[in-house]
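Sharing a structure, written as structure tokens. Questions coming.
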Amino acid sequence: MQPRDFLTSLFNAAVLAADPLTGITAHLPEKPKGKTVVVGAGKGAAQMARALESVWDGPLEGVVVTRYGYGCDTQGIEIIEASHPVPDRSGLAAAERLMQTVRDLTADDLVIALVCGGGSALLPAPPHGLTLEDEIALNEALLASGAPISLMNVVRKHLSTIKGGRLAAATKARVVSLIVSDIPGDNPAHVSSGPTVPDRSTRHDALAIIKQYGLELPQAALDHLASPAADAPNPDDPVFARHACHIVASAGVSLEAAAALAMSQGIAPAILSDSIEGESRDVALVHAAIAREVLGKNRPFAKPVVILSGGETTVTLRGRGGRGGRNGEFALAMALAIEGHDLHLLAADTDGIDGSEDNAGAFVDGETTKRLRAAGHDPRRLLDGNDSYSGFSATGDLFETGPTGTNVNDFRAILIR
């Protein structure tokens, strides 16, 4: 099997293992005396809704919001599409719809919340005194900051009327959250900024993160965080006493599936971690150093081997930034670090979209930099400009899958023959 075909098969195995149907089926809640209502948000929320409908024995109603182009056919659950990663007015309207959907339910009713990565941008709900434009500015500042996703979401949930458990706190119904985790460590309160799952972070934590990363936010946002009105619900609040949440898919499960497939193909797998964070280009340098060590000295793993890792890296934009996401950035930094070596890599986002472009990620090998230069691109300049997409599109190294229907974050595989 050719290296790219092998790496693609591992990615496909990882995505298949993250199919929400399996996890949803295993965590179906008991039927209520009253009605069952579904709410949800994320890039795979529509597929989660369809999966739930296929296994739920009884009527369902409700609404979920997903990214433009990520919808699918459902029976009774309405699908709304909105903008990601920058919020828009469709998302604003969708957030209000979700709140309206749960607000008048009773204690006899059940809310099933379907939550996966991407909901933070898809559910803009600025508090009093802030506008959608303020939330857009907040999102853009966070995305450019290089802060880990968990810290970004601490800030987001204290500048929202729906995140930080507020959606669940708005209803008397029992809430069961079924979550596809794209967060390193799988803390459910951080997935999509936890619309139905509270945590113990505070507005003071949010202010400390803003200071740490030098975020320039609208004054209205800073004023709000200085007020007790920004406090999110506490997990000990009795309103959450009957609620439950379950992680139905995660990066760890996906990497194990990829490892099993590699083993069946006669290639030993080595999983570094399912929760790697940090600047994409720096994480790439560490991966490259390990790969070169294996290639040259047969340690710490013996050849042939495929090194697997997951998690969510970040990109700190230099200037205005170019085109491409964190996996493209990782791949480009790897290309420079493994130049001339017999190594093959795939770095991709399991939701099928790396950043704001139409690719999931990119392939890299020891000849990638040569192809980039032959196509008229300086790979170092591309990296300095956060412009991996332009280079990889010119060389035919983009990895394109389209929406996968799930999201357990980054998938990286390095083949050492």
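Please work out whether region 284-417 counts as rounded, prolate or oblate from its C-alpha gyration tensor, where a ≥ b ≥ c are the square roots of the eigenvalues and a/c under 1.5 means rounded, while otherwise a/b larger than b/c means prolate and anything else oblate? Don't skip to the end; give the middle numbers.
Numbers: a/c = 1.77, a/b = 1.24, b/c = 1.42.
Taking the square roots of the gyration eigenvalues as a ≥ b ≥ c, region 284-417 is oblate.
Could you pull out every one of the aspartates and glutamates with an alpha carbon less than 13 Å from that of Lys35, ignoring same-chain neighbours closer than 8 positions?
Counting by Cα, and skipping residues close in sequence, Lys35 has these aspartates and glutamates nearby: Asp57, Glu61, Asp104, Asp108, Asp109.
In region 32-68, which residues have a backbone nitrogen under 20 Å from the label point lying 7 Å from Ala93's Cα in the Cα-to-Cβ direction?
Of the residues in region 32-68, 39-43, 45-46, 62-68 have backbone N under 20 Å from the label point off Ala93.
Then there is this: Assuming 0.36 nm per residue, please report the length gained on full extension of the stretch Leu317 to Thr25 beyond their Cα-Cα distance. Please list the in-between numbers first.
Numbers: separation 292, 0.36 × 292 = 105.12 nm, distance 4.06 nm.
Extra length from Leu317 to Thr25 when fully extended: 101.1 nm.
Still on this structure, I have one more. State the Kirkwood hydrodynamic radius of region 86-139 in Å, one decimal place, computed from all pairs of distinct Cα atoms.
Numbers: mean 1/r = 0.0807 Å⁻¹.
Radius from the Kirkwood sum: 12.4 Å.
Taking 7 Å along the Cα-to-C-beta vector as the label spot, tell me the His246-Glu61 distance in nanometres, rounded to one decimal.
The answer from the label model is 2.5 nm.
Here's something else I'd like to know. Run the helix sum for the chain: -39,500 (n - 2.57) per DSSP H stretch of 4+ residues, divided by residue count, reported at 222 nm to the nearest 500 deg cm²/dmol.
Numbers: 16 runs with 161 residues, N = 417.
Result for the chain, helices only: -11500 deg cm²/dmol.
Could you give the dipole magnitude of region 20-249 about its Cα centre, charging the beta-carbon of Lys and Arg +1 and that of Asp and Glu -1, in debye to the nearest 20? Don't jump to the answer; show the numbers that get you there.
Values: 19 positive and 25 negative charges, 65 e Å.
The dipole magnitude comes to about 320 debye.
What share of all Cα pairs of region 20-249, in percent, falls into each consecutive 5 Å distance bin?
Spelled out bin by bin, region 20-249 gives 1, 8, 16, 20, 21, 16, 10, 5, 2, 0, 0 percent.
Each label point is 7 Å from the Cα along the Cα-to-Cβ direction; what then is the distance between the points at Lys172 and Asn187, in nm?
3.3 nm
Report the FRET efficiency, 1/(1 + (r/R0)^6), for Thr131 and Val239, where r is their Cβ-Cβ distance and R0 is 25 Å, rounded to 0.05. Kindly include the intermediate steps, with their values, before the conclusion.
Working: r = 28 Å, r/R0 = 1.14.
E(calc), rounded to 0.05, equals 0.30.
Then there is this: Sort region 115-200 into rounded, prolate or oblate with this rule: let a ≥ b ≥ c be the square roots of the eigenvalues of the Cα gyration tensor; rounded if a/c is under 1.5, and if a/c is not under 1.5, prolate when a/b is larger than b/c, oblate otherwise.
Details: a/c = 2.17, a/b = 1.19, b/c = 1.82.
Because a/c hits 1.5 or more and a/b fails to exceed b/c, region 115-200 counts as oblate.
Near Arg299, within a Cβ-to-Cβ distance under 12 Å, what is the net charge of the other residues, with Lys and Arg +1 and Asp and Glu -1?
It works out to a net charge of +2.
On to the next question. Using +1 at the C-beta of Lys and Arg and -1 at the C-beta of Asp and Glu, which of Ala41, Ala26, Thr106 has the Cα lying farthest in the positive direction of the dipole of region 9-137?
Ala26
Calculate, in nm to one decimal, what Glu140 and Lys370 gain on full extension: separation in residues at 0.36 nm each, minus their alpha carbon distance. Kindly include the intermediate steps, with their values, before the conclusion.
Working: separation 230, 0.36 × 230 = 82.80 nm, distance 3.38 nm.
Result: 79.4 nm gained on full extension.
Considering only DSSP beta bridges where both residues belong to the chain, give the percentage that are antiparallel (nearest 5). Could the numbers behind the result be given before it?
On the way: 20 of 55 bridges.
That works out to approximately 35 percent antiparallel.
How many nm is it between the label spots at Glu53 and Glu400, if each spot is 7 Å from the Cα in line with the beta carbon?
Inter-label distance under the simple model: 2.9 nm.
Express in nm, to one decimal, how much length is gained between Gln265 and Lys303 on full extension, taking 0.36 nm for each residue of separation and deducting their alpha carbon distance.
Working: separation 38, 0.36 × 38 = 13.68 nm, distance 1.37 nm.
The Gln265-Lys303 span can extend by a further 12.3 nm.
Follow-up. Using θ = phi - 60° and the Karplus relation 6.51 cos²θ - 1.76 cosθ + 1.60, list the HN-Hα couplings for region 93-109 in order, rounded to whole Hz, with x at every Gly or Pro.
Result, ordered by residue: 5, 5, 4, 5, 4, 5, 5, 4, 5, 9, 4, 9, 6, 10, 5, 7, 8 Hz.
Given a cut-off of 22 Å, name the pairs among Lys43/Lys163; Lys33/Lys163; Lys43/Lys157; Lys303/Lys370; Lys297/Lys370; Lys43/Lys172 whose C-alpha atoms lie farther apart than that in the structure shown.
Working: Lys43/Lys163 16 Å; Lys33/Lys163 28 Å; Lys43/Lys157 18 Å; Lys303/Lys370 25 Å; Lys297/Lys370 25 Å; Lys43/Lys172 27 Å.
Over 22 Å apart, Cα to Cα: Lys33/Lys163; Lys303/Lys370; Lys297/Lys370; Lys43/Lys172.
Each value in this text was obtained by applying a stated rule to the coordinates, not by laboratory testing. Every value quoted in this text rests on a predicted model; they were computed, and no experiment measured them. Neighbour counts are summed over all protein chains in view; Cβ atoms, including those assigned to glycine, are modelled from backbone coordinates with ideal geometry.
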